[in-house]
Amino acid sequence: APTLVAVAHGSPDPRARESVLALLRRVRAMRRSLRVELGHLETDEPLLGDTLARLRGEAVLVPLLFGRGYHVKHDIPSVLSRASHLEATVAACLGPHPLLVEALYGRLLEAGYRGGAVVLAAAGSRDPESAAGTRTTAAMLSHRLGGAPVVPAYASAASPTVAEAVELLRSHGHREIALSSCFTAPGFFATRCAEAAPGIVAEPLGAHASLARLLLHRFDRAAAALPARTLHRAAA
């Protein structure tokens, strides 16, 4: 089977790398025959280019990113273009998808959520396609929560901020407001959003089982576009 290369952004926060590694351990446990590697776009090692340089054969790059912003459209393809020795493709980003919503829902329940409005916090991007994806995820999460209002908010590059989203919900009479963290791992953006939340704060998704299943789903869909071969799959 092709190698699954998980592409993380990278963070100065040491908890971020540990969280990503925990997620990949769960992926390996679900698909024991699959080779799973990690590459970062910046800050952390191994960098994506170094990971690709030591691989041979086929690979599927799965972005640990939730929207089709600059990193997905430009940074990852740019690094991959320098790995001409590989037969490789880039999978879709993680959102929007029902499995992502299940992970967000699970983290909210773990944090003590029992009802009320929700702010869905994401990294943010100037790319309108990324923002549209976040809005779709917010709508799907609202449906999963039985119709509770869910407002998307961003840590950077887009609006509203978490504080602005909270104020908007309060202006409509909502007093119980929880934060859903649409981040793979702890880091600067996740912390900034959590600090602006007035109530319950869900943890980043980390090694949630639904997120691990989503990685494998994205891998399988992209791997199917590679030349015909036998894929050895274990039930996820």
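Can you go through Pro77, Pro96 and tell me which one is under 23 Å from Ser19 (Cα atoms) and not basic (Lys, Arg)? Step through it out loud before you land on a result.
Numbers: Pro77 fails: under 23 Å from Ser19 (Cα atoms).
Every option except Pro96 fails the conditions.
Which residue out of Glu87, Glu37, Glu45 is touching a helix residue (DSSP H, G or I) at 6+ places or on another chain (Cβ under 7 Å), charged (D, E, K, R) and either without any contact (Cβ under 8 Å) to a residue 40 or more places away in the chain or farther than 17 Å from Ala123 by Cα (or both)? Break it down into steps so the answer makes sense when it comes.
Details: Glu87 fails: touching a helix residue (DSSP H, G or I) at 6+ places or on another chain (Cβ under 7 Å); Glu45 fails: touching a helix residue (DSSP H, G or I) at 6+ places or on another chain (Cβ under 7 Å).
Among Glu87, Glu37, Glu45, only Glu37 is touching a helix residue (DSSP H, G or I) at 6+ places or on another chain (Cβ under 7 Å), charged (D, E, K, R) and either without any contact (Cβ under 8 Å) to a residue 40 or more places away in the chain or farther than 17 Å from Ala123 by Cα (or both).
Look through segment 126-151, keep the residues that are within 15 Å of the chain's Cα centre (by Cα) and not aliphatic (A, V, I, L, M), and return whichever of them is most open to solvent (accessible area, probe 1.4 Å).
Arg135
Report whether or not Gly67 is under 26 Å from Ala153 (Cα atoms), in contact (Cβ under 8 Å) with a residue 60 or more places away in the chain and touching an Asp or Glu at 6+ places or on another chain (Cβ under 8 Å).
Numbers: under 26 Å from Ala153 (Cα atoms): yes; in contact (Cβ under 8 Å) with a residue 60 or more places away in the chain: yes; touching an Asp or Glu at 6+ places or on another chain (Cβ under 8 Å): yes.
Yes; evaluated as a whole, the condition is true for this residue.
Going by what's in this entry, would Ala163 be described as open to solvent by 30 Å² or more (accessible area, probe 1.4 Å), at pLDDT below 95 and either at negative phi or in contact with a strand residue (DSSP E or B) (Cβ under 8 Å, 6 or more places away or on another chain) (or both)?
On the way: open to solvent by 30 Å² or more (accessible area, probe 1.4 Å): yes; at pLDDT below 95: no; either at negative phi or in contact with a strand residue (DSSP E or B) (Cβ under 8 Å, 6 or more places away or on another chain) (or both): yes.
When the stated conditions are applied, Ala163 does not pass them.
I need every pair where a residue in segment 203-216 that is closer than 24 Å to Pro14 by Cβ has its Cβ under 8 Å from the Cβ of a residue that is surrounded by fewer than 20 Cβ atoms within 10 Å (Cβ to Cβ) and at pLDDT below 95, sequence separation at least 6 or different chains.
From residues that are closer than 24 Å to Pro14 by Cβ, the pairs are Ala212/Ala236.
Listed residues Gly199, Gly173; which is over 16 Å from the mean Cα position of the chain (by Cα), within 22 Å of Glu102 (Cα to Cα) and either of a type in the set (Phe, Trp, Tyr) or open to solvent by 20 Å² or more (accessible area, probe 1.4 Å) (or both)?
Working: Gly173 fails: within 22 Å of Glu102 (Cα to Cα).
Just a single option satisfies the conditions, and that option is Gly199.
Which pairs have Cβ atoms under 8 Å, sit 6 or more apart or on different chains, and link a residue in segment 98-118 that is within 11 Å of Leu211 (Cα to Cα) to one that is of a type in the set (Val, Ile, Thr) and in a loop (DSSP other than H, G, I, E, B)?
none
The values are calculated or read from the model by the stated rules, or taken from the named source; none is laboratory data. As the structure is a computational prediction, the values presented were derived from the model and not from experiment. Every residue, glycine as well, gets a Cβ built from its backbone with ideal geometry; the counts of neighbours run over all protein chains shown. Side chains included, ligands, DNA and RNA excluded: accessible areas come from the protein's heavy atoms. Shrake-Rupley method; radii C 1.70, N 1.55, O 1.52, S 1.80 Å.
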